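I have placed the structure first, in the form of structure tokens, so that the comments after it can refer back to it.
The values are calculated or read from the model by the stated rules, or taken from the named source; none is laboratory data. What you see is a predicted model, and the numbers here were worked out from it, not measured in a lab. Here the Cβ positions follow ideal geometry from the backbone for every residue, glycine too, while neighbour counts run over all protein chains shown. For accessibility, only protein heavy atoms count, side chains too; no ligands or nucleic acids. Shrake-Rupley method; radii C 1.70, N 1.55, O 1.52, S 1.80 Å.
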Amino acid sequence: MNAIDWDLVRSSLGPLFEGLVRGTLPLTAVTFALGLALALLVALMRLSGNWLVSAPARFYVSVIRGTPLLLQLFIVFFGLPALGLTLDPWPSAIIALSLNVGAYASEAVRGAILAVPRGQWEAAMTVGMGRVTTLRRVVLPQAARIAVPPLSNTLISLVKDTSLVSTILVTELLRRAQEIAAPSFAFFTLYGVAAVYYWVVCLVLSFGQTRLETKLSRHVAV
Amino acid sequence: MSAPLLEARGLVKSFGDNRVLRGIDVAVPAGSVTCLIGPSGSGKTTVLRSLNGLETPETGTVRVGDVELDWSTRPDARAVARLRGQSGMVFQAHNLFPHLSVLDNVTSGPVFAQGRPKAEAQEEARALLERVGLADKADSFPVQLSGGQQQRVGIARALATRPEVVLFDEPTSALDPELVGEVLQVMQSLAAEGWTMVVVTHEMRFARQVADQVLFLDGGVVVEQGPPSEVLVEPREARTRQFLQRLLDPL
């Protein structure tokens, strides 16, 4: 018996592609956007000199990084109903993944902000800018360039981590593959096709990362 | 004589156990140039940075124009910002914003901080760039300029907020020797135009020719002060003589 059923490969390309563009990709895009916004907030909180502000941010990052993502998904989807909060699979997936991305990305953002030289803050202050204006006009534009490599890592991990939401009944790429493979037991074929799809997406993202790094580095001395 | 434009009294500042300012008084009349000289660690840069609140002295007062700050009252950020708004600053390492064009660097204060109309600020910035000899570099980015050009953009950026006083922190110390002249020439012409300037420098010839008064600092105190023809030519204090001797003959 052949390990790969090429007819099945051909007939599954379409349905798996649908799982990719209707499940995996929108879930990645939405949670990365929400995660980034959360990451910026948490990074700024951690950089605050006020202990009451920085401590909750520190606690959040510690808890999220210290527990498995799968467990976080299960707590949101299977656990919260015990507190009277029942969420559908999609909202559960978005909440858990965004919280997870936010914690990891906040460390990348915090590091990038700290990497902007002190002289930039001082120069901005001497032309009259306050803290918020300095962040917005001087520090964050430079931090963005520094943060691209670590955030690209986070994004590429996220693409693959979205596969975990197949366990809470969200129909995305991996779950589609499971569904199609189950009747025929053609797991090798279907998981193989799914793996190629994930890989291609990550190749495209890596290419985008290189382009973005080049673009953002054009005014920086090498 | 009218009150000086800038006046600092009794500045005291420590970094840990190291007392870097031990009661410094500075008075700068409007339209004059004051040079702060002294060995490294003498406190001259700390004095300069205390005049705009980049350093926070423990005690002492600073007044620039009609804004006065008593450091012993631990002024809040807003009060310090008000004092800082009175002066512009040129840094040793220029600290230009690398992601902004030369023109946007110069308009950053007027537009982002002072909220002035962009068109008006740009017009003024172009005039300032012309003033420092860089009219053709408005659309360049800092990385494309030489060190001397970068420092001249830094000067234009400092002037763009229309400060009462311009503070220079060793503006030529990080430059290749052949680029020092173009920066000092711009500073000299600003002095001739009547800008009030406080300059931390090791350029004794500049101090001789341009300064109205020279303060020699050592160990956190003003050892000697007066016109350059006295302090730099016929110093009364042994420490001043020693310092000048070392500059003249490093070996």
What residues have an amide H closer than 5 Å to that of B:R116, excluding those fewer than 5 places away on the same chain, when H is modeled at 1.01 Å from N in the peptide plane? B:V111
Scattering profile of the protein assembly as shown from the Debye formula, Cα beads only, expressed as log10 I(q)/I(0) at q = 0.05, 0.13 Å⁻¹, is -0.30, -1.14
Using only protein heavy atoms and a 1.4 Å probe, report how much of B:D76 is accessible, in Å² to the nearest 10. 100
Mind jotting down the distance between the C-alpha centroids of the range A:101-116 and the range A:34-85, whole Å? 14
Antiparallel as a % of all DSSP beta bridges within the protein assembly as shown, to the nearest 5? 55
Cβ-based net charge around A:S48, under 13 Å, with every Lys or Arg adding one and every Asp or Glu removing one: +4
For the range A:85-222: accessible area per residue (Å², 1.4 Å): 49
Using a 1.4 Å probe over the heavy atoms of the protein chains, calculate the carbon and sulfur portion of the accessible area of the protein assembly as shown as a whole percent. 57
Which lysines have a Cα less than 18 Å from the Cα of B:K13, not counting those fewer than 8 places away in the same chain? B:K44
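Filter the trypsin sites (Lys or Arg not before Pro) in the range B:189-251 to those in DSSP coil with at most 12 other Cβ atoms within 10 Å of their Cβ, and list the result. Mind dumping the intermediate values first?
Details: sites: B:R205, B:R208, B:R236, B:R239, B:R241, B:R246; in loops: B:R236.
Passing sites in the range B:189-251 are B:R236.
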Environment charge at A:E18 (Cβ cut-off 11 Å; Lys +1, Arg +1, Asp -1, Glu -1): +1
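Please go through the range B:14-47 and write out the trypsin sites (Lys or Arg not before Pro) that DSSP classes as loop and that have at most 12 other C-beta atoms within 10 Å.
Counting only loop positions with at most 12 other Cβ atoms within 10 Å, none of the trypsin sites (Lys or Arg not before Pro) in the range B:14-47 qualifies.
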Among B:P110, B:P227, B:P98: highest mean-square fluctuation, GNM of chain B, C-alpha pairs under 10 Å: B:P98
With a 1.4 Å probe, how much accessible area is buried between chains A and B, both sides summed, in Å² to the nearest hundred? 1700
Can you work out ³J(HN,Hα) from phi for every residue in the range B:110-120, in order, using Karplus 6.51 cos²θ - 1.76 cosθ + 1.60 and θ = phi - 60°, giving whole Hz and x for Gly and Pro? x, 7, 6, 9, 8, x, 7, x, 4, 4, 5
Count charges around B:A77 for me, please; just the other residues with Cβ under 13 Å from its Cβ, Lys/Arg as +1, Asp/Glu as -1. +4
Note, ³J(HN,Hα) from phi for the range A:191-197, Karplus 6.51, -1.76, 1.60, rounded to Hz, x at Gly and Pro: 5, x, 4, 4, 4, 4, 4
Which of the lysines could a cross-linker span from B:K118 if the Cα-Cα distance has to be under 16 Å and same-chain partners fewer than 8 positions apart are dropped? none
